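Undergrad: Pasting a structure here, questions to come.
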Amino acid sequence: MFRIGTGYDVHAFGPGDFVTLGGVRIPHGRGIVAHSDGDVLIHALCDALLGALALGDIGKHFPPSDDAWKGADSRGLLRAVMAMLGARGYAVVNIDSVVVCERPKLLPHIDAMRANLAADLGVAIDAVSVKATTSEKLGFTGREEGIAAQAVVLLQQVSA
Ligand code: MG
């Protein structure tokens, strides 16, 4: 039994000097406006994982109104989502993802992100793809107003 899911997330840039993506703290001239650490890649991934089992989205399970998640490390959210999947007998086969921004340049950080995600997902690093693109200076990402991420996951049932 296989299940597929997709996720998308956006956060605005704001005051600060780093962004967190895939659990990696990346120095940047701006920060991210968010209730949690604003890790768009992990948020998109969590929604893809939840979506694969039709379990809703992270806003449902980890509402911004709940102060427990204020400034939260999104890797904790990801591990909580993985526990929900595990309880239902599912494991990750692979994920693919893309982060959209003009800056910061992500290539030097991609493998560190993949390693973090692989650890939290319980898979080998070659089952985790993280890509980066710009939007050719078009739209909100092109104007460097915010950062966006998309993820797709494949799950396999490993126990009933
Ligand atoms: Mg988010």
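Undergrad: Taking the Cα of Arg143, stepping 7 Å toward and past its beta carbon, and measuring to each backbone N in region 92-106: which are under 16 Å?
TA: 101-103
Undergrad: Another question about this same structure. Using a Förster distance of 30 angstrom, determine the FRET efficiency expected from the C-beta separation of Phe18 and Ala160, and round it to 0.05. Don't skip to the end; give the middle numbers.
TA: Details: r = 44 Å, r/R0 = 1.46.
E(calc), rounded to 0.05, equals 0.10.
Undergrad: Let me have the 222 nm mean residue ellipticity of the chain computed from DSSP H runs of 4+ only, each contributing -39500 (n - 2.57), with the sum over all residues rounded to the nearest 500. Walk me through the numbers before you get to the answer.
TA: Numbers: 5 runs with 47 residues, N = 160.
Here the helix-only value at 222 nm equals -8500 deg cm²/dmol.
Undergrad: Would you mind telling me the share, in percent, of accessible area of the chain contributed by carbon and sulfur at probe 1.4 angstrom?
TA: 56
Undergrad: Right, here's the next one. Counting only the backbone N, which residues of region 121-155 are under 17 Å from the spot 7 Å out from the Cα of Asn94 toward its beta-carbon?
TA: It comes to 121-132, 151-155, nothing else.
Undergrad: For Phe2 and His35, calculate 0.36 nm times their separation in residues minus their Cα-Cα distance, and state this gained length in nm to one decimal. It would help to have the intermediate numbers written out before the result.
TA: Working: separation 33, 0.36 × 33 = 11.88 nm, distance 3.30 nm.
Length difference between fully extended and current span is 8.6 nm.
Undergrad: Kindly report the accessible area of the chain per residue (heavy atoms of protein chains, probe 1.4 Å, no ligands, DNA or RNA), in Å². Numbers along the way, then the final one.
TA: Values: 7550 Å² over 160 residues.
Value for the chain: 47 Å² per residue.
Undergrad: While we're looking at this one, here's another question. Can you tell me the order of 105-111, 148-154, 72-78 when each peptide is scored by its average per-residue count of other Cβ atoms within 10 angstrom, highest first?
TA: Numbers: 105-111: 14.6, 148-154: 22.1, 72-78: 20.1.
Highest to lowest by the protection proxy: 148-154, 72-78, 105-111.
Undergrad: Report the far tail of the P(r) of the chain, meaning the percent of Cα-Cα pairs longer than 22 Å.
TA: Working: 4717 of 12720 pairs.
The share of Cα pairs beyond 22 Å in the chain comes to 37 percent.
Undergrad: If you take the Cα atoms of region 1-43, find Rg, then find the Kirkwood Rh from the mean of 1/r over all pairs, what is Rg/Rh?
TA: Details: Rg = 12.7 Å, Rh = 11.3 Å.
Rg/Rh for region 1-43 comes to 1.12.
The values are calculated or read from the model by the stated rules, or taken from the named source; none is laboratory data. All of these numbers come straight from a predicted model, not from anything done at the bench. Note: ideal-geometry Cβ built from the backbone for every residue, glycine included; neighbour counts use all protein chains shown. Only protein heavy atoms, including side chains, enter the accessible area calculation; ligands, DNA and RNA are left aside. Shrake-Rupley method; radii C 1.70, N 1.55, O 1.52, S 1.80 Å.
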